[in-house]
Every structure is written in structure tokens, then in C-alpha cells.
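The values are calculated or read from the model by the stated rules, or taken from the named source; none is laboratory data. Predicted, not measured: the structure shown is a model, and the values here were computed from it. Cβ sites come from the backbone with ideal geometry, for glycine too, and all protein chains shown count toward neighbours. The area values use the complete protein model at the heavy-atom level, side chains included, leaving out ligands, DNA and RNA. Shrake-Rupley method; radii C 1.70, N 1.55, O 1.52, S 1.80 Å.
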Amino acid sequence: YAVCVSGRCLHRSAYKKDYFPFVVYSWDKPITGFYGQGVVEPLTLLQLDLNGINKFIRRCQRAIIRPDIYGAFNQRMPDAFFETGVGRFFQTRDGKPPTFYTPNALNAETYNERERIVQRMFALAGVGEMTAQGKKQPGVDSGIAIREVNDLQAGRFGVQAEGFEDWHLKLAQRIVWTMRDVAGGTKT
């Protein structure tokens, strides 16, 4: 057992227990080494695509979506065009009331692609949107029904669900052992 800081060992002694003092959970077991793969790692490329589309949409919306207003605002206005930052005003001389026009920044397919990426991410992770948002499904009111829904979702990831339950048991066991050590080894 050692407690160390950069370049210095503060304490060193023999570790007499037959278990590690910490419990680790990984979504996928490591092939080599200590660290396994998390649930988010396989989603990295899709997340990069989603970030790119969101950035593109934001740029287009800021550049294009501004109302254009056509009308005779003030006949003494010298410029045929002026901008306020909110919209663009175009002076006309026909005396008609102002006409408003707001263009679409992008077609619906761009927004649909963003939704498809999000749906692929949920499907790849194997998590429903309701579960990810911490909401219960409509019509699922009893505790038994909620557990049944969780069992159905966990079916695809039986190994991971079992590992998560095992992690909780090991963690509880370490807490009990630690409290016994703190109490001086006495059984109460």
C-alpha cells in the first residue's frame, strides 16, 4: 500500500487484504490493460457528425434567417436599404403597407439528418429516449411494470446489466468491510 505524490512517497506499508480497496465497472471488459470501453466511446464518430451538423445549422441560421421588410417607411429616407441587426429594411416607393419576408435557412432534409443521427446513437447505445431522459413511459404506472420495462431494455445488454449489478454488490461489500475496519474489527 502506498500514498504518493509527484516524485515523493508519503507512506508505504504492506497491504494485508485479499481484495482491492476500490471497485471498477466498465461497459466492455478490456482486451488488454486495466481500462475497458465505456458506452459513449462507440458513439464518438456519430457525435462528431452531430456536432458538425449543429455548427453548420447555427451558421446558416445566423447568416440567413433575418426578416426582410419591404415598404414605404419614410419618403425622406435617403438610403434605399438599411439594417438594424434584427432585420433588413428595403425602401419602396409604391406606398403599400410593409411586407415581411423571412427565408428558410435550410431545407427539412438537413434537420431530418440531425434527427437520424440522434436516433442511431440511441439505437447503438441500446437506450430508449425515455430512459435517457429519466422519464417513465406513458401507461407504465406500477413498480412491477417499470421493472418489466427495465428488464426488456436490459435484455440486449444482459452482460452489462449483470456486471452493473455485480459492481453494486462488490461496492456494498467494500463499504461493510471498511466500516468494520473503522470500528476496530469488532462485530456488532
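Please find, within region 24-56, the residue that is nearest to residue 122 (Cα to Cα) out of those that are over 25 Å from the mean Cα position of the chain (by Cα) and among the β-branched types (Val, Ile, Thr).
My answer is 31.
In region 169-188, what count of residues is obtained for those that are open to solvent by 90 Å² or more (accessible area, probe 1.4 Å) and either part of a helix (DSSP H, G or I) or at pLDDT 85 or above (or both)? Break it down into steps so the answer makes sense when it comes.
Residues of region 169-188 open to solvent by 90 Å² or more (accessible area, probe 1.4 Å): 169, 175-176, 179-180, 182, 187-188.
Those left that are additionally either part of a helix (DSSP H, G or I) or at pLDDT 85 or above (or both): 169, 175-176, 179-180, 182.
Number of matching residues: 6.
Name the pairs: first residue in region 109-128 and open to solvent by 30 Å² or more (accessible area, probe 1.4 Å), second residue among the basic types (Lys, Arg), Cβ to Cβ under 6 Å, at least 6 apart or on different chains?
Final answer for the pair search is none.
Among the numbered criteria (1) touching a helix residue (DSSP H, G or I) at 6+ places or on another chain (Cβ under 7 Å); (2) at pLDDT 70 or above; (3) in a helix (DSSP H, G or I), which single criterion is violated by residue 159?
(1)
Looking at this structure, is residue 140 at pLDDT below 85, in a loop (DSSP other than H, G, I, E, B) and within 27 Å of residue 58 (Cβ to Cβ)? Working first, answer last.
Details: at pLDDT below 85: yes; in a loop (DSSP other than H, G, I, E, B): yes; within 27 Å of residue 58 (Cβ to Cβ): no.
In short, no.
Can you pull out the strands (runs of 3 or more DSSP E) entirely within region 5-105 that have at least 2 residues that are closer than 28 Å to residue 174 by Cβ and modelled with pLDDT of 80 or more?
Fully inside region 5-105 and qualifying: 8-12.
Determine the pairs where a residue that is of a type in the set (S, T, N, Q), located within region 19-30, has a partner that is part of a loop (DSSP other than H, G, I, E, B) with Cβ atoms under 8 Å apart, the partner being 6 or more residues away or on another chain.
So the pair list comes out as 26/35; 26/36; 26/38.
Among the candidates 56, 34, 20, which residue alone is exposed (fewer than 10 other Cβ atoms within 10 Å of the Cβ), out of contact with any strand residue (DSSP E or B) (no Cβ under 6 Å at 6 or more places or on another chain) and among the aromatic types (Phe, Trp, Tyr)?
Testing whether each residue is exposed (fewer than 10 other Cβ atoms within 10 Å of the Cβ), out of contact with any strand residue (DSSP E or B) (no Cβ under 6 Å at 6 or more places or on another chain) and among the aromatic types (Phe, Trp, Tyr) leaves just 34.
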